[in-house]
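Shown next, in C-alpha cells, is the structure this report addresses.
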Amino acid sequence: MPEIINASDIYEVNVKNIFEGPMDLLIFLIKKNEVDIYDIPISLITDQYLEYMEWMQAMDIDFAGDFLVMASTLTQIKSKMLLPIHENEDEDDEDPRLEITRPLLEYLRMKSVAERLHERNLLGEDTFLREPPAEEWAIDKREDELIKIGLFELIDAFQNVLRQVPEQHRINLDNDRISIKERINQLIDVLDIKSAVTFHEILGEAPEKEDIVITFLAILEMARLNLIRVTQHVQSGMIRLFYI
C-alpha cells in the first residue's frame, strides 16, 4: 500500500452524507473481488476493509462511527472463522458470516427500491414526456455507458496512480505547495473550457505524489459541494469529471 501523508494540519475532508457508508464499502469490495455474497472470504474482505479505512484516516477523510462498528464486526467474524472446528461440535451451527450476509442483502433490497423510486417521474410537467429525437436518444445511449461513482472507486483509482509513482521521500505538504483551494480553482478553470476531463488529463504525464494527494482531496471537496459529477466508463474503467 502506498505511503500516504497525514495532512491534518493542512486540510480535512468531511464526506458525510455525500459518499457511501460501510455497507457500500463491503459491496464495493465484494464486487471488486468478484466473490459470492453467500460465500464471502471474510479474511480477505476484512483485511481490505481495514486497508481502506487506514487510507481514509491517512487522508483525513472524516467518516462516521458506523465504519468503526463494521470494522469491529468483521474482525470478530474473522476471529470466529479462524477457530478450529471440533468433531463433537454441532455441524449445524450457523455460519458466522451470516451476521454480515443478512444485513447486506437487506441493504441491497432497500437500495434497489430507493433507486427505483428515485427514477419515477414526478407529478406535473414531467408526467407526460415527448418522444426524444433520434439524436438525443443516441446521446442518452452513450451516457448509459457511464456509471456514477463514489468515494471507494475514487480511492481505488488514486491508489492505482500512486502505485505507479516511483518511491520517493515522505510527502510533506508545506506552504510552498499548492493549496486545495488553488487546485480546485485550477480544476474549475479546466472544466470551464472542456466541461469534462479524465484523470490522466488532470494529473499529467509524470505527477508527483504531492500533486496526486492534493488533486484527490480537491475532487472530494468539489463533489461534496456538488460542483462536479464523477463517472466511470463501464467498458474501459476510465474515470471522468463533469462540471455540473
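The values are calculated or read from the model by the stated rules, or taken from the named source; none is laboratory data. The shown structure was predicted, so the numbers you read here are calculated from the model rather than taken from an experiment. For neighbour counting, all protein chains shown are included, and Cβ atoms are generated from backbone atoms with ideal geometry for every residue, glycine included.
Those residues that are among the polar types (S, T, N, Q) and over 16 Å from LEU191 (Cβ atoms), I need them from segment 203-244; list them, please.
Residues satisfying the conditions are GLN232, GLN235, SER236.
Any residue at all in segment 189-209 that's modelled with pLDDT of 90 or more, buried (at least 20 other Cβ atoms within 10 Å of the Cβ) and not aliphatic (A, V, I, L, M)?
no
Considering each residue of segment 230-241, count those that are in contact (Cβ under 8 Å) with a residue 12 or more places away in the chain and surrounded by fewer than 16 Cβ atoms within 10 Å (Cβ to Cβ), and give that number.
Adding up the residues that qualify gives 4.
Would you mind stating whether ARG229 is modelled with pLDDT of 80 or more and in a strand (DSSP E or B)?
yes
Please return the ranges of helices (runs of 4 or more DSSP H) entirely within segment 13-106 where 2 or more residues are within 14 Å of the chain's Cα centre (by Cα) and at pLDDT below 95. Working first, answer last.
Details: elements: 22-33, 42-58, 65-82.
In segment 13-106, the matching helices (runs of 4 or more DSSP H) lie at 22-33, 42-58.
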